[in-house]
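Just below is one structure, and these are the notes that go with it.
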Amino acid sequence: VTDGGDRIDVDTGPLQFTVAKDRFAPLTAVRLNGVSMLAGPVTSFFDVDGKRIDPQAPTSVKVTEPGPLRTRIEVRGRYAAGFEYVVRIDAFAKQPFVRVLYTFEQHDPEPYTLVRQLAIVLPLTFASPASYTAGREKGTPVAGSLPDAGVTLLQEDNETLRIGAERYAEHAAGWIDVHDASHGVALASRFFWQ
């Protein structure tokens with residue numbers, strides 16, 4: 001782990017990535033076995049009452065656990081509308097993956113805020129052909145070829161799940177896996193459909 005002033009660089013051996021300090025970009029410049037995995041930084045946004053709210057630059061980016069086998073980097077900051085974020089990134093020595101724990105906190109004095117969408121955007125680069133698999137709470141997972149425009153996993157309401165262009169009358173299991181023949185990314189969210 002190297003603190004470069006405006007960023008933190010991590011090299012686990014097979015995996016290298018950067019955590020920006022001056023903008024919201026918890027993962028950028030990701031390389032796995034020498035192959036670039038992202039077309040841009042990982043980002044996030046809220047839709048509150050029809051208005052997109054992007055995260056502000058972090059108020060704090062620091063290595064909280066600089067261990068020789070596992071390192072944890074913590075990124076803290078805020079959105080508008082009383083929301084804050086805490087992103088904890090765990091990197092493991094000689095491992096080709098990271099674990100990202102993304103927590104959203106609501107500190108608005110209003111008891112309720114209508115959040116229509118909470119999105120995490122992963123601008124991935126994969127070799128063709130690339131595929132995806134997404135979990136459904138009661139049905140078998142949905143799998144398919146990854147379109148050039150990417151794929152969206154969206155719980156539209158309490159009864160409707162959308163994966164790409166297809167709709168299902170059920171709940172998402174809260175996970176999606178996107179991969180090519182040699183690399184992949186899995187994203188999981190607890191309590192996704194709620």
Diffusion constant of region 90-194 at 4 °C, which comes from Stokes-Einstein with the Kirkwood Cα-pair radius and 1.567 mPa s, µm²/s: 83
Heavy-atom accessible surface of region 15-88: percent carbon and sulfur, 1.4 Å: 51
Of every Cα-Cα pair in the chain, the percent that sits beyond 21 Å: 56
Span from the region 1-37 Cα centroid across to the region 122-179 one, whole angstrom: 27
Amide H contacts under 5 Å for Leu146, placed H, 5+ residues apart: Ala130, Ser131, Tyr132
Under 5 Å, built H, 5+ apart or other chain: amide partners of Glu137: His171, Ala172, Ala173
Built amide H within the under 5 Å cut-off of Thr125, gap 5+: Leu38, Ala39
Karplus 3J(HN,Hα) series, Hz, for region 104-118 with 6.51 cos²θ - 1.76 cosθ + 1.60 (x for Gly, Pro): 10, 10, 10, 10, 6, x, 5, x, 9, 10, 7, 9, 7, 8, 10
³J(HN,Hα) computed for each position of region 66-75 - Karplus, 6.51 cos²θ - 1.76 cosθ + 1.60, integer Hz, glycine/proline x: x, x, x, 9, 9, 10, 10, 10, 10, 10
From phi via Karplus (6.51, -1.76, 1.60), per-residue ³J(HN,Hα) for region 89-102 in Hz, x at Gly/Pro: 10, 9, 10, 10, 4, 6, 10, x, 9, 10, 10, 10, 10, 10
Heavy-atom accessible area per residue - the chain, 1.4 Å, Å²: 57
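The values are calculated or read from the model by the stated rules, or taken from the named source; none is laboratory data. None of the values given here were measured: they were computed from a predicted structure. Side chains included, ligands, DNA and RNA excluded: accessible areas come from the protein's heavy atoms. Shrake-Rupley method; radii C 1.70, N 1.55, O 1.52, S 1.80 Å.
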